[in-house]
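Beneath this line is the structure, given in C-alpha cells, with notes to follow.
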Amino acid sequence: MIICQKAQCRGLGRTTVKAFPRHEGICKLHDRSHALPFSVSAPSCGAGTDISRNSRHHSPAKERQRAERDQLIKSLKESPGKRDARNFLKHFDSPKKADPVATPRVERAVPDIVGQARQDAWRLDRTGVNLGSLYEPGKAIQESPVFTREAVSEKLLPDDAEPLHIALVKIRQPQELSDDILGGIAITLSQMVRLGMNIAVVVDCDEDSPDAPLKLTPDWEETVREQAARIVDALQNFNEPGSFEILQALSVSEVDNSVPHTVEVRGGVKVKNDRLLLPPIEEGIIPVIPPVAFDEDSKKVRVDPDDVILALTREFAGIPVAGITELQPEEMLHRAAKAVTERPTLDRIIVLDPRGGIPHEKRIDGAHTFINLEAEYRDVKNDLKRFSSTSSTSKRKDRDGETGGSKPPLSAYLTKHLPGKSLFDRHMRNLDVVERALKLLPPSSSALIITPTEAAISSQVSILGETPSTGVRTRRSKNPLIHNLLTDKPMVSSSLPDPLVTRPAASTAPNPPTFLKKGIPVTMIPDPRVSSPWQPPSPSHPSIELENNPHINFPKLVDLINDSFRRDLDVKHYLARIRGRVAGIIIAGDYEGGAICTWETPDDGCTWVPYLDKFAVLTSSQGSGGVADIVWGALTRSCFPSGLVWRSRSNNPVNKWYFERAVGMWNLQGGQWTMFWTTEGVVEEWAERRKRKGTAEESGRGTAMTRWNAYVKVCGDVVPSWADGKRPD
C-alpha cells in the first residue's frame, strides 16, 4: 500500500498546510483511508463532489500572488514597454466574463463523451466483451435515460474562470550546483509563480550519456533523494505557497507497442495520479518530481527524466484518455466540461543545463539564439551529429599539437569541455525532448534551454550578496526566464548581425540560452538551399512572376502586404514595375510574414543592385512569435548573405529595428526616406574612390559606379505603388 508523503527535508510550508486540506480530490498526507494501490486509477472523490478547480477557494498566498500580478499587469499597460509585453498581457491578464460562445462548445462535447460511455457500458454489460465498433446498439437504446443519485450541475463555466498556466522545468545535474545558485533558481521560479506561471520541477541527476538500460542503484537513488530535498528546501525559502516532492504520480509499462499519440501513448512513463499534481500546482505550490515510477507490481523503477517531461507534457496537454469510460456519468460530465474549459495550458518547457544552449559554429556567441523547429530542426540536428563525429578528431589533433593559428570558437569550446562526443549527445537529447514535447502543444508554447547560472541571475546581488558595493550604480542584469515570460522572446534577437553580439570568440564559457518554438515553415522561391543565393536575372536564373507562380498564393500575398502596411497596394502598377526583375520571395507560415526582393539597375543594366522591395508581417503577428526574425534570418543569411539595400520612411517606427540589423543608414535628400544596407564595405569603397579621384562626383565618371552611388540612386528612384497615391509609401 502506497501513501502520499511529505518531502523528507521539510513540510509543505507555512501556507501550504492550511491550504492543502481544502482539496477534497487529493490524498491527505499520511491518511491511510485515502491510500490507493499505485497501479489503479487516481483516487475517487465520491459521488457529487465538485472537482472543478475554479469552484474552489484559493489559499491566502495564492490570492496575494494574484493581486500582485494584477498590479504588475496594470503597470505594464501604462508603460512604454507595453508592446514588448503584449504576449504576457494577452495570456495573463485578469479573466473577463465567460464568453457565451464557449458554452455551446461544452454542451456539444459533453453529450458525445457521455453517450459513447453509455454505449460502451451497455455493450460490456450485455455481452461481457468490448466489441468496439463491430456491434452498435439501436439509437433508442443509446438514448435511454440514466438515473443518478445526484443532480448534475447546470453551470459548466464559472464566471471567473482563469486558465492555469504551467511551465515544466528540468534541472540537470543539480549535484553540480552550489547552494547559492540553487537559491537563485528558487528565487526566479518563485517570481514566475507570482507572475502567474505555475511551475513543476523534474530532477535530472544523470550523466550526459547515461548507460543503457537505466538501473536503480542505491547510490543513484541516494543522489536523487538528496538533490530533490535540496531543491525543495530552496523553493520553500522563497516560494510562499511552498514546495514538496511527489513520488507516486508516475507509472511505467513494459508494453512496447504504441498507438497514435492523439489518443494515448502506451508503454513508457505515464501520469497515473494527476490529482497529486494539478491541485497543488494551482495553489502555487511547486511539486518536485524525481525520475522514478512504479510498474504494474508497484515496484519502483528508474526512468529517463526526458520521458518524465514527455509524460507530464501529455498529461497537461490533455492527451491521455484511458479510464474515462470507467467513471459514473455525472463524474464524466464534470470531467468533460473540465477537459473543454479548464484544461491547463503548458506554456513553457525549460531545461536548466550547465552546458547551455544548442551550439552554433557560425555565431560568435557560440549558440543558436532562436530555433524555428518547423524549418530548422533537421538542419540543427544534422549539425550536432557532425559536431559529435568530428569532436574526437579535433581533440586528438589538439593533444598532438597540430593546431595552427587561431582556433574557431567551436574548436576552442571542444578542447575545454567534455571528452569525446558526450557533450553533443547531451545537446542532441535536449533538442529532441523539446521538439517532441512542443509537437504535442499549441503553437503558442515555447521552450528555453539555459544554464542554471543564468536562470539564477535575478536578485542575486540584493539577496545572496555576492557582489560587494563599490559605490557605483550599475543596471541589474535581466533574468532570461523573466524576460522570456514577459515578452515570449529570447534575450538577444536571432536576426541581429553576429558582430553586434558581444562575446569573446575564444570563450569557453557555457553557451548562452537557446529559445525554441514549434514555429512555422519558411518557403523561399527560388530556394537558395538547393542551388545558391539569389542571382541577377539570366537565362539560367530567370525572374519569377508573382501572379503566375504555382507555388505562390498571390491573393494571400496581396492581403499580407495590405494588412502589414495598412493601405491597399496598386497591384497592376506594382506588377508592371517589378516585372522581369524579381529576385525572389520569402513566405513565412500561412502568409504570416514575407519579403519580396528585386534587382534594380541604376545605370541602364550595368549594375544589379539587390533591393528589399517589401518586408511585411501581419499586424496580428507583429511584436511576438518571432515571424519578423524568421523572415529576416532567411533573407540575410540564405538569400542575400553578401548584403542588400532598402529604404523606409524617415518617420517609420520600425526604423529602430532596421537600424539594429543594418550595417549603415543614410537620410536621403528631401528628408522623406532613410536608406539602410547590410553590405559590408560600402562606405569604405566610396571613400577610397573619392580619395583617388578627388571628388565624389568624379568617382562615377569613366569608371563603374560605386555601390554607394548605386544604392542612393536606386532608393531615390523607386516609384511607390499604392492605390491611395499618398507619398511616401
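Couple of notes before you dig in:
- Around the amide H of residue 650, modelled in the peptide plane, lie the amide H atoms of 673, 674, all under 5 Å away and 5 or more residues distant in sequence or on another chain.
- Residues whose amide H lies under 5 Å from that of residue 351, counting only those 5 or more places away or on a different chain, are 170, 448, 449, 450; hydrogens are built 1.01 Å from N in the peptide plane.
- Residue among 619, 538, 662 farthest towards the positive dipole end of region 522-717, charges placed on Cβ: 662
- Cα centre as origin, Lys/Arg/Asp/Glu Cβ charges: region 522-717 dipole, Debye: 460 debye
- In terms of the mean number of neighbouring beta-carbon atoms within 10 Å, the peptides 232-241, 179-188 order highest first as 232-241, 179-188.
- 3J(HN,Hα) from dihedral phi, region 630-638, Karplus parametrisation 6.51/-1.76/1.60, rounded to Hz, x for glycine, proline: 5, 5, 5, x, 5, 5, 8, 9, 10
- Given 270/517; 656/691; 381/556, the pairs whose alpha carbons are separated by over 27 Å: 656/691; 381/556
- For peptides 714-721, 194-201, sequence by mean Cβ density within 10 Å, most packed first: 194-201, 714-721
- Per-residue HN-Hα couplings for region 441-447 [Karplus 6.51, -1.76, 1.60; θ = phi - 60°; Hz; x = Gly/Pro]: 10, x, x, 6, 6, 8, 9
- P(r) tail fraction, region 522-717 - alpha-carbon pairs more than 30 Å apart, %: 20 percent
- Amide H contacts of residue 345 (H built 1.01 Å from N, under 5 Å, at least 5 apart or other chain): 164, 165, 166
Read-outs throughout are calculated quantities, based only on the coordinates presented, and are distinct from any laboratory measurement. This structure is a prediction, so every number in the text was calculated from the model and none was measured. In this analysis, Cβ positions are derived from the backbone assuming ideal geometry, glycine residues included, and neighbour counts consider all displayed protein chains.
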